[in-house]
Amino acid sequence: DTIETATGDGQSLYSGTVPLETTLSGSTYQLKDPTRGNTYTGDAANKTDLCIFGICFSRAPATLFTDADNHWGSGTTSDRSSAAVDAQYGTNETWDYYKNVHGRNGIAGDGKGSYNRVHYGNNYNNAFWDDSCFCMTYGDGDGTTFGPLVALDVAGHEMSHGVTSKTAALTYSGESGGLNEATSDIFGTMVEWYANNSSDAGDYLIGEKIVRSGFGKPALRFMDKPSKDGNSADCWSSSVGNLDVHYSSGVANHFAYLLAEGSGAKTVNGVSYNSPTCNGSTVTGIGHDKVGKIWYRALTVYMTSSTNYAGARTATLNAAKDLYGAGSAEYNAVAAAWSAVSVA
Ligand code: ASN
Ligand code: ZN
Ligand code: CA
């Protein structure tokens with residue numbers, strides 16, 4: 001069969017109709033993107049992996065999605081390929097964000113594509129990146145607390161774990177673990193902003209598309225005031241490293257929000273935020289694009305596996321100095337935003 005690149009489209013669950021670069025093999029289209037490292041999406045057929053301490057004895061399949069006319073999905077879960085459209089689109093936007101904004105060629109920086117599995121397990125309420133398969137896995141959710149976990153910010157969050165793993169390799173416990181999680185929330189958010197999709201506008205919420213009424217909150221996490229989730233820390237304290245990494249991340253998520261948008265009340269893209277500072281100061285934002293630039297340089301040049309919050313302050317100040325100059329408005333804003341979350 002002849003193999004060629006084709007341009008199709010898909011009706012996603014969360015992001016409307018999206019363009020997809022696919023592979024035409026003979027007369028069958030494959031959900032595999034030759035323009036982005038042959039990243040593909042497959043069906044896990046509701047099976048699960050059997051892994052113990054990171055060693056996998058069996059893995060759910062990733063049976064490549066195929067299509068006859070290169071118009072994928074239906075926008076509803078009645079079609080198994082709809083979630084696949086979201087997953088493939090999530091990879092596309094994440095790939096393009098890192099490539100076009102940071103000059104990073106793929107998650108590992110070597111041009112290699114990853115793959116996605118959708119429909120993992122039954123009622124599976126999570127999504128995860130796995131370094132060992134260089135792959136992404138998405139559950140369908142149980143339908144009451146979560147829907148399919150294939151939203152763009154979740155995709156960007158999870159794949160950014162792969163970027164962290166290949167760069168600073170922040171240890172996934174204590175303060176470095178909180179920074180690891182925050183890195184994923186920050187870049188998941190940056191991917192959402194980058195995509196500029198009218199069905200899934202940029203915001204500072206994590207997982208707003210995947211939560212259902214049973215979850216009881218409008219999102220998984222809230223960067224303007226992380227404690228709105230009931231668990232996360234807004235401000236650094238000496239015990240913050242004892243929290244679960246998804247909650248100690250709050251300090252850095254709060255920093256990132258303040259640095260982007262500033263303190264106080266604000267409505268952006270129709271979402272209302274109210275970000276308090278921990279020290280009564282007023283912070284003026286520099287916009288999310290610069291936050292992404294500063295955090296990426298900090299992550300890839302200055303942070304190491306053991307970086308803690310004090311180290312993150314130093315790393316981002318060094319990054320801001322490189323990018324904008326010592327004493328620049330951006331450098332001063334980084335210092336002010338960290339002080340505002342009690343990282344002095
Ligand atoms: N969704 C979770 C996360 O990215 C799964 C995990 O790997 N801990 O934090
Ligand atoms: Zn995570
Ligand atoms: Ca979001």
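Read the figures in this text as sums done on the coordinates, not as results from a lab. This structure is a prediction, so every number in the text was calculated from the model and none was measured. Don't worry about glycine lacking a Cβ; one is built from the backbone with ideal geometry, like all the others, and counts go over all protein chains shown.
For segment 212-226, the Karplus equation 6.51 cos²θ - 1.76 cosθ + 1.60, evaluated at θ = phi - 60°, returns couplings of 10, 4, x, 6, x, 9, x, 7, 6, 9, 10, 6, 5, 8, x Hz by residue, with Gly and Pro reported as x.
By the count of neighbouring beta-carbon atoms within 10 Å, fewest first, SER213, SER165, SER342, SER248 end up ordered SER213, SER165, SER342, SER248. GNM remark for the chain: springs join alpha carbons under 10 Å apart, and the peak mean-square fluctuation among HIS119, HIS157, HIS71 falls on HIS71. Cross-link pairs exceeding 30 Å between alpha carbons, from the set LYS228/LYS321; LYS112/LYS293; LYS228/LYS290; LYS166/LYS321; LYS166/LYS266; LYS266/LYS290: LYS228/LYS321; LYS166/LYS266. Structure remark: mean-square fluctuation, Gaussian network model of the chain, C-alpha springs under 10 Å; the largest value among GLY327, GLY113, GLY162 belongs to GLY327. Each residue in GLU4, GLU175 was given a count of other beta-carbon atoms within 10 angstrom of its own, and listing them fewest first yields GLU4, GLU175.
Counting only trypsin sites (Lys or Arg not before Pro) that sit in a DSSP loop (anything but H, G, I, E, B) with at most 15 other Cβ atoms within 10 Å, what is the longest stretch of the chain containing none of them? Longest gap between qualifying sites, sites excluded: 213-344.
Computed from the alpha carbon atoms alone, the convex hull of segment 1-112 holds 133 Å³ per residue.
Of all the options GLY109, GLY230, GLY42, the one that moves most in a Gaussian network model of the chain with Cα springs shorter than 10 angstrom is GLY230. Out of all DSSP beta bridges with both ends in segment 3-150, state the antiparallel percent to the nearest 5. Close to 70 percent.
The slack between ARG80 and ASN105, meaning 0.36 nm per residue of separation minus the straight C-alpha distance, is 6.0 nm.
Between segment 182-238 and segment 125-167, the C-alpha centres lie 14 angstrom from each other. Counting only DSSP beta bridges whose two residues both lie in the chain, roughly 75 percent are antiparallel. By the count of neighbouring beta-carbon atoms within 10 Å, fewest first, VAL283, VAL191 end up ordered VAL283, VAL191.
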